[in-house]
1. Regarding Ala123, is this residue part of a loop (DSSP other than H, G, I, E, B), at pLDDT 95 or above and either within 22 Å of Asp70 (Cβ to Cβ) or not polar (S, T, N, Q) (or both)?
2. Yes or no: the range 140-154 includes at least one residue that is under 15 Å from Val51 (Cβ atoms), β-branched (Val, Ile, Thr) and in contact (Cβ under 8 Å) with a residue 24 or more places away in the chain.
3. Yes or no: the range 53-68 includes at least one residue that is modelled with pLDDT of 70 or more and over 27 Å from Ser128 (Cβ atoms).
4. Looking at this structure, is Ser125 of a type in the set (Ser, Thr, Tyr), open to solvent by less than 40 Å² (accessible area, probe 1.4 Å) and closer than 19 Å to Arg99 by Cβ?
5. I'm told Ser131 meets every condition in (1) under 17 Å from the mean Cα position of the chain (by Cα); (2) at pLDDT 95 or above except one. Can you identify the failing condition by its number?
6. What tally of residues in the range 90-122 results from selecting those that are among the basic types (Lys, Arg), closer than 19 Å to Ala134 by Cα and touching a residue at least 24 places away in the same chain (Cβ under 8 Å)?
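The values are calculated or read from the model by the stated rules, or taken from the named source; none is laboratory data. Everything numeric in this text was worked out from a predicted model, so none of it was measured. Note: ideal-geometry Cβ built from the backbone for every residue, glycine included; neighbour counts use all protein chains shown. Please note that ligands, DNA and RNA were not included when accessible areas were found on the heavy atoms of the full protein model with its side chains. Shrake-Rupley method; radii C 1.70, N 1.55, O 1.52, S 1.80 Å.
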Amino acid sequence: MKYALLVLTITAALLASGCCSGCSLFDPDTSRVIFADDLENPVDNSTAYGVWSSTSAGVVDPAVFPSADDGEWYMLNEKGYFKYVRISTDSGAKGGIYREGRLSITGDRLLLSGINESYYPGANSRISAYSGKAIADQSLAYELLDNYTLTIGTGTYQRVF
């Protein structure tokens with residue numbers, strides 16, 4: 001809970017200062033910072049539940065922090081839902097993908113369903129923004145290498161929370 005309050009405090013300060021008013025990414029809910037509304041430390045760090053990052057950066061929101069480094073972040077919640085962010089640069093245009101939906105873990109598979117995806121294009125993106133687009137369910141192999149390292153598919157992630 002203290003991490004969520006810190007993230008919300010920083011976001012409120014940025015919004016009050018007008019820092020994000022010139023951002024090239026638009027989100028109608030600019031008070032939202034990814035995971036801030038449901039960020040919780042997992043009960044047990046020896047599980048895949050928690051927040052994971054492919055970079056050294058902490059938790060990001062593609063709509064509020066478009067200058068974040070390229071990377072991927074997963075939030076896997078014990079209550080059965082997930083959030084995912086990918087920020088990438090393609091042909092000089094930075095864009096962000098945000099997904100959320102339901103999560104179940106069976107054996108060595110993460111089963112993601114009811115997925116809604118939003119895309120936040122950078123200034124030079126050739127793809128238009130969209131929000132709440134339903135995409136196909138996913139079944140991803142995962143392995144918890146140690147309490148702080150997780151592989152999902154071909155990616156490796158470090159525990160943030």
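1. On the way: part of a loop (DSSP other than H, G, I, E, B): yes; at pLDDT 95 or above: no; either within 22 Å of Asp70 (Cβ to Cβ) or not polar (S, T, N, Q) (or both): yes.
No: the conditions fail for Ala123.
2. Yes, because at least one residue in the range 140-154 is under 15 Å from Val51 (Cβ atoms), β-branched (Val, Ile, Thr) and in contact (Cβ under 8 Å) with a residue 24 or more places away in the chain.
3. Checking the range 53-68: at least one residue is modelled with pLDDT of 70 or more and over 27 Å from Ser128 (Cβ atoms).
4. Answer is yes for this residue.
5. All conditions are met except number (2).
6. Our first condition is that a residue be among the basic types (Lys, Arg); within the range 90-122, this holds for 94, 99, 102, 109.
From the residues that got through so far, the ones that are closer than 19 Å to Ala134 by Cα too are 99, 102.
Still in the running and touching a residue at least 24 places away in the same chain (Cβ under 8 Å): 99.
Qualifying residue count, the range 90-122: 1.
Conditions tested, residue by residue: (1) surrounded by fewer than 21 Cβ atoms within 10 Å (Cβ to Cβ); (2) assigned to a loop (DSSP other than H, G, I, E, B).
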position: Glu72; (1), (2): yes, no
position: Met75; (1), (2): no, no
position: Glu78; (1), (2): yes, yes
position: Lys83; (1), (2): no, no
position: Arg99; (1), (2): yes, no
